[in-house]
Amino acid sequence: MSNAAATVTQASPAHPPIMSVGKITMENLAEFKNCTRRHFAYKAIPAEGQVAQVLFCFDDHSVSAWIAANNEMLIELTFKNFILHLRAEYTAKNTSSEGGQASSLDNIEGLNNWCTAVGHIDDGL
């Protein structure tokens, strides 16, 4: 994965957004999520088909490989949980790849926060 941040492009709401090769950050992930929701609303895509619409929207080969390896599990997720899994997989790696003890501690704290959030999501199901 590139050291530069990935960018999100969307030709129009009729098309899903594309995330370029690069570092996935909280900022570009939020932009991807917003563009994707706009696409879902424009095309009236039901919740059960939303993840399938975005699995091929990533130009980065490492993301595509992660999706391919976890396809059966990912396709069953809600879009919100898919984004949580993507965030946990890639923003945690990007934090720790910057090195240093502080970033490792931030990574652990972030994963703990994510686990807590997922527990709360499951409570509401």
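Scanning the range 1-33 for residues that are in contact with a Ser or Thr (Cβ under 8 Å, 6 or more places away or on another chain) and part of a loop (DSSP other than H, G, I, E, B) gives M1, A6, T7, P16, P17, S20, V21, G22, I24, T25. Tell me, please, whether a residue that is in contact with a Leu (Cβ under 8 Å, 6 or more places away or on another chain), open to solvent by less than 50 Å² (accessible area, probe 1.4 Å), without any contact (Cβ under 8 Å) to a residue 40 or more places away in the chain and of a type outside the set (D, E) can be found in the range 64-73. Scanning the range 64-73 turns up at least one residue that is in contact with a Leu (Cβ under 8 Å, 6 or more places away or on another chain), open to solvent by less than 50 Å² (accessible area, probe 1.4 Å), without any contact (Cβ under 8 Å) to a residue 40 or more places away in the chain and of a type outside the set (D, E). Would a scan of the range 23-33 turn up a residue that is more than 12 Å from the chain's Cα centre (by Cα) and not aromatic (F, W, Y)? Within the range 23-33, none of the residues are more than 12 Å from the chain's Cα centre (by Cα) and not aromatic (F, W, Y). Every listed requirement among (1) closer than 17 Å to A88 by Cα; (2) among the hydroxyl-bearing types (S, T, Y); (3) in contact with an Asp or Glu (Cβ under 9 Å, 6 or more places away or on another chain) is met by T7 save one, (1).
Looking at the range 20-66 only, could you name the residues that are under 14 Å from R87 (Cβ atoms) and touching a strand residue (DSSP E or B) at 6+ places or on another chain (Cβ under 7 Å)? Answer for the range 20-66, where residues must be under 14 Å from R87 (Cβ atoms) and touching a strand residue (DSSP E or B) at 6+ places or on another chain (Cβ under 7 Å): K23, T25, N28, E31, F32, F58.
The values are calculated or read from the model by the stated rules, or taken from the named source; none is laboratory data. It should be emphasised that the depicted structure is a prediction, and the values quoted were computed from it without experimental measurement. Cβ coordinates were reconstructed from backbone atoms using ideal geometry, including for glycine residues, and neighbour counts include every protein chain displayed. The accessibility values were calculated without ligands, DNA or RNA, using every heavy atom of the protein model including side chains. Shrake-Rupley method; radii C 1.70, N 1.55, O 1.52, S 1.80 Å.
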